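Just below is one structure, and these are the notes that go with it.
The values are calculated or read from the model by the stated rules, or taken from the named source; none is laboratory data. Just so we're clear, the structure is a prediction, and the values are computed from it rather than from any experiment. Quick reminder, even Gly has a Cβ in these numbers, built from the backbone with ideal geometry, and neighbours come from all protein chains shown. Surface areas here come from the heavy atoms of the whole protein model, side chains and all, with no ligands, DNA or RNA. Shrake-Rupley method; radii C 1.70, N 1.55, O 1.52, S 1.80 Å.
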Amino acid sequence: MKINKSGPFAKTVAMLSVGVIAAAAPATAATIDSWNTTNVMVGITPADGDTGKSVVYDRDATDPARETNGQILFTPPEAVAPGIKVVQETYDDSGKSTLELDGCIMTSSAATCTSPFQSGKRIKQQMTDVGPVDLVFNVGDVTEINSYQVFHRLINATGQALSGFSIELGFGVGDDFQRAGTDSGLSFSQLFSAQPSGSGIASTQFPFGLFGDAASNPNFTLDGFFASERSGLTLDLSDPTEIASTGFFGSYGALFGPWLSGNMVPQGAFWDNDNDPLTDALLMAWLKEDGTWEARREILDLGTGAAGSITPVAFSAFDDLVASFLGNGFDPSQMVITAGSIEDLANLNVNFAIELGDLNGAERFTLRSSVFAAPSPVPLPAGGVLILSALGALSLLRRRRI
């Protein structure tokens, strides 16, 4: 079912076709004013520690035929409903002194664009199915080009492994979505310098606590739990209106294969090393497929919350793992190790900025995110296992003869 052509999104598409009117109007550019929630069922702010959601649909949220592929999450006290806000704040791009940003799109927390690390800025966009999720933003007119940084996170909650994603700029939602053209005045900023330095105009990374070199990041004193090298998805940035992934870099793929859904991630052992429930607990060990707990970190100082990396050590049970920390003489009443899912293995941080010029009189634009399922393993035909076993045995015999 198409969106009603007299509905709230129709005016944007219609105005794009009125070239004569646009050409006659004075040259203007646009500011991003607010998140347009016409196609969103906005959730309420729950109790602290609980997670609320604003469900995003492919048409007006009141349409009975609406469908969804995703939602925006918010967990107070860090973030509250509706889950996204636009902040007008002038500041320099941290990687390029030539670009002055005019604001940002972030989660609806108390933070601003320039708030410090772990202040709660990333939008938590949970993808519940493969297919597009359309976030619409209202714009206003100004007399110069504006650039807005986007603090974005895509969360795989599709129930299946993913091969990648795309993020597009355009107009309209659902079946009425149209990718922005080169003359639309809407694009990803070609001057923005995504972090870490040297990434180019956009970047991705699975969270730094899992993959990253502490020496390159002032916010961390420990290398990533799984590897000191960053890991994420490589990007094709040849189209100024699309960010498209092309594969994986770093060790994520070798360790886990495609991008895991939240129900697939392994369990971890976490230490709340700063006694602050609003900050991320420190991953100390993980449960491997063979059923053993592998510790990769040790506690150095309870008072300061200091930990250090160690050569991996295996334990047959969780209690044995915890006992190993206690064996260093720490008081168990001051040190709580809890088991839980390593959720960040399903979370991909995406960094980019949007540039707005003259939108041909459009009153809103769309930021569309899509994710794509990883290919399923091809099942062996009947007898295939026996054939492989025979080939394996033949190979073994040949090796023995050498």
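General remarks:
- Sequence ranges 60-72, 122-134, ranked by mean other-Cβ count within 10 angstrom, highest first: 122-134, 60-72
- Cα-projected label distance for A323 with A306, points at 7 Å along beta-carbon direction, nm: 2.9 nm
- A374-E298 FRET efficiency (beta carbon distance; Förster radius 25 Å; 0.05 resolution): 0.10
- Percent of beta bridges antiparallel (DSSP, region 103-220, rounded to nearest 5): 20 percent
- Per-atom-type breakdown for region 212-357 gives carbon and sulfur 49% of the accessible area (1.4 Å probe, protein chains only).
- The distance between label points at T241 and L255 comes to 3.8 nm (points 7 Å beyond Cα on the Cα→Cβ vector).
- Cα convex hull volume per residue for region 68-142 (Å³): 132 Å³
- Packing order of peptides 156-164, 100-108, highest average first: 100-108, 156-164 (average count of other Cβ atoms within 10 Å over each peptide's residues).
- Cβ-Cβ distance of A61 and S94, R₀ of 35 Å, FRET efficiency by 1/(1 + (r/R0)^6): the value works out to about 0.45.
- Computing Rg and the Kirkwood Rh from the Cα coordinates of region 149-279 gives a ratio, Rg/Rh, of 1.01.
- With both labels modelled 7 Å from their Cα along Cα-to-Cβ, the D276 to V130 distance reads 4.0 nm.
- Angstrom value of the Kirkwood radius, inverse mean 1/r, which spans all Cα pairs in region 88-223: 17.2 Å
- Rounded Å value of the spacing that divides the Cα centres of region 129-170 and region 183-211: 13 Å
- Other residues lying with their Cβ under 14 Å from the Cβ of F188 contribute a combined charge of -4, Lys and Arg counting +1, Asp and Glu -1.
- Dipole of region 110-244 computed with +1 at Lys/Arg Cβ and -1 at Asp/Glu Cβ about the Cα centre; of I145, Q125, S115, farthest Cα towards the positive end is S115.
- With the convex hull constructed from alpha-carbon coordinates only, region 254-345 shows a mean projected area of 6.5 nm² over all directions.
- Length gained on full extension, A215 to D48: 56.7 nm, using 0.36 nm per residue less the C-alpha separation.
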